Amino acid sequence: MSSEAPVIEAHEVTKVYRLGEHQSLQRTFAALRGGRRENHELRAVDELSFSIAPGECFGIVGANGSGKSTLLQLISQITLPTAGHLVIRGRVLPLLAVGSGFHPELTGRENVVLFGTVLGLQRRAILKHMDAIIDYADLVEYMDTPMKRYSSGMEARLSFAVAMRFPAAISIFDEVLAVTDDEFTNRCLSSLEGFTAEGRTVIFVSHDASLVRRLCTRAMWLAHGRLIAIGDTAEVMDAYAAAHATTAVTAAPASVDTAVRSDPPSRSR
Amino acid sequence: MVQTDAAAGEPLGLKPAVARSWDPGFEVLVQPVRSRIRLRDLPKMRGVIGVLAMRDFKAKFKQSALGPVWIVLQPVLLLIAFLVGFHSVAAVGTEGVPFIAFVLTALGAWTYFQSALGMGAMSLLSNVQLLRRTACPRVAFPIATLIANLPAMVVPLTAALVVAAALGRLSLRVLLLGPGLVWLALVAAGSVSLASALTVRYRDLVAVLPIVLQMGMFVSPVGYTVADLPGLARTVVEINPLSGVIEMWRWAILSTAPPDAITFILSGATTVVLVVGGWLVFTRSEPTMADVV
């Protein structure tokens, strides 16, 4: 841990969503008759307080719907909290889904400029790093082809290549290493280790427990938007695995991965 | 690429909080607010607006056999439609200007408004992935469509200026085109910000917009002038913010008689309401756009 000011401080952050359809003919009729049909509310993030220091690789685990992605959207300032506040010190790079900034009709090269600019880089800075980005993605011969011809793995490689050149204090990765091959995944992981060595912060969300254990220095476990455990990765992951292993046949530490993955589908929607 | 002196020698994690290239040293407070964009922030967004505008412009003509030829072909076809539709039906007072020049002068304002609003109203929906996954300023999407559709105005406007010069009608009054262009920009900006923000919450606008645009074509004095209209029809057209724009352009380019002051006042008032309302609606709904889209 460092003595510097935390790069992220969350103070009783709450995010409430309305469930159900927001606009529909039935709702309009109900409103006209004077009866107000209120949607049920979901506290996606519920009075969450924590802080993350510079240079940390911070893992977030939890079942589907536990509030991980909402929290990442809040940190990235894509959405605002319903109550509470966050203090963010430094530029944030959110990589919340691969290929999400790309336009299918534009070429790889055009899309690198587009994606980088949308994330907040200057066009000039992107063009300066273009060769390095292409090199990292290993896609030289595809760069003048429209993105709609790319495979999902190729899209992911290009997203990552831009992200790895992005000078952010806080880099966020939400389950985005699922489609790349082992060789590229390892290239990314060692880049991320390089980030933290430079004092930059990485926030990493994955359902791959072994990946979180390997990469993260500290971890947080969320359930229903609330904090269950935070601290040393091994301890949090052991507790998380143990809680989820109670539904599995074996609870031996060796089968942590399978225990997490054998979560019944009904619980993970 | 991002090494600093401080990072070179000192032990990890104990560096002073120096300004690094990836960390401009700024601090952001993320908390519930009613709106978070200010007019003075817009110039800072010109980089991303430019790239988005270029993307919208390029993507418009991809996988199209004629591609950019449509920038010219679209107004030509519309011009023919106006010539057939209006000239054969009604006698239009053109003050001696050939009807084709009379229509051409107004065409740029209409084609720009039509294509900018058509693309701009959908700008947030068509960027839903960016809206939900990146912090790209949302106001950049509608503004980019305003720029990407400029050729729809420039092509017919240039043609109109050439024709007006050929007819010997161009005078110093053409300088009035400056305020005329600003007026058109304001009408387009107000409409696009209002329509795009409402579309995020109410998809009803997607259904109603083509009809609004069709009605707009009838109540815009492209193939006629406000002076030709009687009573109520005239007032309806005068309330249309594009009417003031079109009458001003015609005055500026063809040196016809100045438009009625009432037209300017009514049209201008609608423009002000549209711009102020559009900005307020957009900025107030901007913080929750990623949640409700």
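Bear in mind these aren't lab numbers, they're just calculated from the coordinates by the rules spelled out. If you're wondering where the values come from, they're calculated on a predicted model, not measured in any experiment. No Cβ is skipped: glycine too gets one built from the backbone with ideal geometry, and neighbour counts run over all protein chains shown.
Amide H to amide H distances under 5 Å link A:C57 with A:V202, A:T217, A:R218, where only residues 5 or more positions off or on other chains count and H is placed in the peptide plane. With equal scatterers on the alpha carbons only and no solvent term, can you work out the Debye log10 of I(q)/I(0) for segment B:48-134 at 0.11, 0.18, 0.25 1/Å? Debye curve over Cα of segment B:48-134, log10 I(q)/I(0) at q = 0.11, 0.18, 0.25 Å⁻¹: -0.47, -0.91, -1.30. If both residues of a DSSP beta bridge must be in the protein assembly as shown, then about 60% of such bridges are antiparallel.
Scalar couplings 3J(HN,Hα) for segment B:73-83, obtained by applying the Karplus form with A = 6.51, B = -1.76, C = 1.60 to θ = phi - 60°, are 5, 4, x, 4, 5, 5, 4, 4, 4, 5, 4 Hz; x denotes Gly and Pro.
Can you give the FRET efficiency to the nearest 0.05 for A:D135 and A:R214, using r as the Cβ-Cβ distance and R₀ = 30 Å? So, using R0 = 30 Å, E works out to roughly 0.75.
Values of log10 I(q)/I(0) for segment A:122-253 across q = 0.21, 0.23 Å⁻¹ run -1.28, -1.43, by the Debye formula with one identical scatterer at each alpha carbon and no solvent. Neighbouring Cβ atoms from other chains, within 10 Å of the Cβ of residues in A:102-115, number 3 on average. Each principal axis of the protein assembly as shown carries a Cα extent, and these read 92, 60, 43 Å when sorted largest first.
For the peptides B:106-112, B:211-217, B:273-279, residues were scored by their other Cβ atoms within 10 Å and the scores averaged per peptide; the highest-first order is B:106-112, B:273-279, B:211-217. Note on B:120-129: average number of Cβ atoms from other chains within 10 Å of each residue's Cβ is 1.
I want to verify a result. In a Gaussian network model of chain A, Cα cutoff 10 Å, which of these has the top mean-square fluctuation: A:T70, A:T145, A:T196? Evaluated over chain A, the most mobile residue of the options is A:T145.
Computed over segment B:58-194, relative contact order equals 31 percent, with contacts defined as Cα pairs under 8 Å that lie 6+ residues apart. Highest-first packing order for the peptide set B:230-242, B:33-45 is B:230-242, B:33-45, based on the mean count of other beta carbon atoms within 10 Å. Roughly what angle does helix B:241-254 make with the longest principal axis of chain B, taking Cα atoms, 0 to 90 degrees, to the nearest 10? It works out to around 60 degrees. Convex hull of alpha carbon positions in chain A: directionally averaged projected area 17.3 nm². Placing R0 at 60 angstrom, the Cβ-Cβ distance between B:R173 and B:V128 gives a FRET efficiency of 0.85 after rounding to 0.05. Using the rule -39500 (n - 2.57) for each DSSP H run of four or more residues, divided by the residues of the protein assembly as shown, the 222 nm mean residue ellipticity is -15500 deg cm²/dmol. Considering only B:T145, B:T105, B:T134, the mean-square fluctuation computed in a Gaussian network model of chain B, springs between alpha carbons under 10 angstrom, is largest for B:T134.
Computed from backbone phi with θ = phi - 60° and the Karplus coefficients 6.51, -1.76 and 1.60, the 3J(HN,Hα) list for segment B:202-212 is 10, 6, 3, 5, 4, 6, 8, 4, x, 6, 4 Hz; x is used for glycine and proline. For segment A:1-159, the C-alpha radius of gyration sits at 1.37 times the compact-globule guess of 2.2 N^0.38 Å, with N the residue count.
I need the fraction of alpha carbon pairs in segment B:149-287 separated by more than 25 Å, rounded to a whole percent. Of all Cα-Cα pairs in segment B:149-287, 33 percent lie more than 25 Å apart. Normalised by the number of residues in segment A:103-173, the mean separation of alpha-carbon contacts (under 8 Å, six or more apart) gives a relative contact order of 42 percent. Panel note: the C-alpha atoms of segment B:78-209, placed on their principal axes, show extents of 56, 34, 18 Å (largest first). Peptide B:131-141 has a mean of 6 when you count, residue by residue, the C-beta atoms of other protein chains within 10 Å of its C-beta.
Close amide H pairs (under 5 Å, H built 1.01 Å from N) link A:I172 with A:L93, A:L95, A:I203, residues at least 5 positions away or on another chain. Computed on chain A, with alpha-carbon pairs under 8 angstrom and 6+ residues apart, the relative contact order is 24 percent.
Normalised by 2.2 N^0.38 Å, with N the number of residues, the alpha-carbon radius of gyration of segment B:52-281 equals 1.02.
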